[in-house]
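The values are calculated or read from the model by the stated rules, or taken from the named source; none is laboratory data. Since we're looking at a predicted model, the values are computed, not measured. Backbone-built Cβ (ideal geometry, glycine too); neighbour counts: all protein chains shown.
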Amino acid sequence: MSENKSIEEIEQEIIEEFLLFDSWDDRYEYIIDLGKKLPVLEEQYKKDENKVRGCQSTVWLVADYKEGRIYYKADSDAVIVKGLISMLIRVLSGQKADDIVNAKLDFIREIGMMNHLAQTRSNGLLAMVKQMKNYALAYKLKHA
Amino acid sequence: MIETIDISKVYDVVAIRKHFPALKREVKGKPLVYFDNAATTQKPQVVIDALVNYYSNYNANIHRGIHTLAEEATAAFEATRDTAQQFLNAPSREQIIFTSGTTEGINLVAQTWGRQNIKAGDEIVISNMEHHSNIVPWYMLAQEKGAVLKVIPINEKGELMMDEYEKLLTGKTKLVSIVHVSNALGTINPVKTIVEKAHAVGAVVLVDGAQSTVHLDIDVQDIDCDFFVLSSHKIYGPTGVGVLYGKKHLLESMPPYQGGGEMIKEVYFDNITYADLPYKFEAGTPNIADTVAFKAALDFTKAIGKETIRHYENGLLHYATEQLEQIEGLRIIGTAKNKISVISFVVDKVHPQDLGILLDNRGIAVRTGHHCAQPLMDCYRIPGTTRASFAMYNTKEEIDALIAGLHKAIKMLA
């Protein structure tokens with residue numbers, strides 16, 4: 001599905017979905033639900049080299065390359081972060097390396113989750129976005 | 001003004017709250033419930049006024065100028081030293097060294113006394129419940145000197161195992177650096193006994209008072225510790241100021257920490273003589289404004305009375321403990337007999353970070369994570385806890401809000 005839609009289009013979908021929520025509780029319930037539904041990452045990937053360290057929660061991230069597109073899998077021990085990751089994967093997984101590197105990811109601000117990107121050391125989301133982009137950048141450099 | 005606080009009959013928390021402007025704000029559309037006091041306390045208006053007054057009326061560099069503003073600024077700065085001396089019952093004002101905080105105080109001792117006295121094979125004793133700032137400076141010193149770090153273990157309640165402590169003390173023990181009150185568990189350590197035992201083998205003792213000074217009456221002469229360090233911002237004062245207290249003969253024998261202005265008597269290119277205490281350790285222009293305002297925080301706390309505050313905070317601690325214990329799947333980490341008003345807990349299958357986010361969403365500020373005490377978390381085999389820490393201005397109603405918030409969060413996360 002995401003192979004047909006651009007990053008911006010998927011971001012727009014998420015923004016519109018969030019417009020339906022009246023309260024912060026509803027938003028978080030939705031994110032928690034996404035977190036719970038994110039497929040569990042196989043144990044073999046949960047090793048140190050795949051860790052994206054935030055201060056409080058651990059995030060594991062792996063990337064796969066297929067025909068110029070990058071596919072991500074990830075997991076975390078904290079469910080809200082996992083929900084946010086789930087959205088990042090929905091937006092970025094299956095996209096072209098160039099598009100991922102250049103993605104502005106404004107939807108995070110639009111849905112009111114910008115505080116999770118703040119450099120408070122409190123979670124690994126910022127590091128997560130960086131790492132996703134790094135995978136894309138590495139792929140680009142290798143295939144330039 | 002402080003005089004308006006009526007604590008003659010009952011503890012008037014409503015009146016006390018009025019002194020703290022930050023408590024009036026809302027977070028996420030809800031009244032702020034500030035339970036992160038062990039990280040830093042909110043500031044009373046008198047402290048904010050003291051800062052503004054300094055910058056508005058008598059901002060000047062201290063000790064050097066002969067003009068009126070410099071004299072006024074110097075007098076205000078030095079007045080804080082006198083107040084801090086009384087607050088700790090230090091024998092003399094020269095033994096109060098201003099630092100940027102507890103961390104700098106510990107580093108100062110490690111880099112001066114430590115480098116002068118610790119040799120290869122010497123042993124430094126710390127505990128399993130230390131904050132990173134009372135681990136890393138000693139680790140660095142031990143690495144540099146080939147010394148050995150020894151760690152006092154704790155029991156499951158989060159109390160120091162004093163038998164084990166005694167076993168660690170030998171003729172090789174040169175220093176015991178111990179936290180007075182654990183930031184993550186709230187445990188009050190028996191520092192007087194610790195000092196006595198350490199002195200018996202000829203070791204020097206540093207007490208980390210970052211968490212204790214706001215809750216307990218501190219008498220450095222009674223504790224008989226060789227060094228005591230604290231931070232202003234955890235006692236309702238500004239950030240960026242702390243105190244290092246030291247025994248006079250030790251402070252006098254220690255080399256200076258940093259070189260610069262203020263800490264010298266005479267400077268020639270081939271010969272420099274250092275200033276007397278306390279200025280030997282206060283190089284450069286200090287944090288004048290915050291140090292001046294720190295006095296207001298100490299006066300404010302004293303006016304209400306530490307014992308009165310402690311009694312009230314203990315009430316909050318007991319109430320919160322009772323309420324939290326009723327939550328299914330919740331386990332309190334740190335159940336020492338002697339505790340200050342700090343409660344750490346974990347909830348089955350719930351990550352502390354998720355709890356922290358959902359509580360913040362209800363305007364409740366708690367601390368989640370390892371509390372800069374990773375070895376302690378490892379000891380309990382947990383990645384971190386959620387911590388609520390109470391101050392003089394917190395209320396039972398706020399604890400009720402925390403409990404309701406926890407019920408809701410756990411339901412959402414389950």
Residue among B:V10, B:V14 that is within 21 Å of B:L216 (Cα to Cα), of a type in the set (A, V, I, L, M) and without any contact (Cβ under 8 Å) to a residue 12 or more places away in the chain: B:V10
Output for the range B:387-414, where each listed residue is outside any helix (DSSP H, G or I) and more than 27 Å from the chain's Cα centre (by Cα): B:A414
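Every residue, every condition in (1) aromatic (F, W, Y); (2) assigned to a helix (DSSP H, G or I); (3) under 21 Å from B:S232 (Cα atoms), yes or no:
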{"residue": "B:H249", "(1), (2), (3)": "no, yes, no"}
{"residue": "B:A297", "(1), (2), (3)": "no, yes, yes"}
{"residue": "B:H311", "(1), (2), (3)": "no, yes, no"}
{"residue": "B:Y319", "(1), (2), (3)": "yes, yes, no"}
{"residue": "B:V346", "(1), (2), (3)": "no, no, no"}
Count of the range B:111-132 residues which are in a helix (DSSP H, G or I) and crowded, with 22+ Cβ neighbours inside 10 Å: 2
Tabulated pairs, the range B:298-311, first over 15 Å from B:Q211 (Cα atoms), second part of a helix (DSSP H, G or I) and among the charged types (D, E, K, R), C-beta under 9 angstrom, 6+ apart or interchain: B:A303/B:E3
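Can B:G384 be described as among the small types (G, A, S), surrounded by fewer than 24 Cβ atoms within 10 Å (Cβ to Cβ) and within 12 Å of chain A (Cβ to nearest Cβ)?
Working: among the small types (G, A, S): yes; surrounded by fewer than 24 Cβ atoms within 10 Å (Cβ to Cβ): no; within 12 Å of chain A (Cβ to nearest Cβ): yes.
When the stated conditions are applied, B:G384 does not pass them.
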Any chance B:A320 is touching a helix residue (DSSP H, G or I) at 6+ places or on another chain (Cβ under 8 Å), more than 14 Å from chain A (Cβ to nearest Cβ), in contact (Cβ under 8 Å) with a residue 40 or more places away in the chain and more than 20 Å from B:S389 (Cα to Cα): no
Residue under evaluation B:Y274, criteria (1) more than 20 Å from B:Q85 (Cβ to Cβ); (2) at pLDDT 95 or above, criterion not met: (2)
Complete set of residues in the range B:323-359 that are within 14 Å of chain A (Cβ to nearest Cβ), crowded, with 19+ Cβ neighbours inside 10 Å and charged (D, E, K, R): B:D354
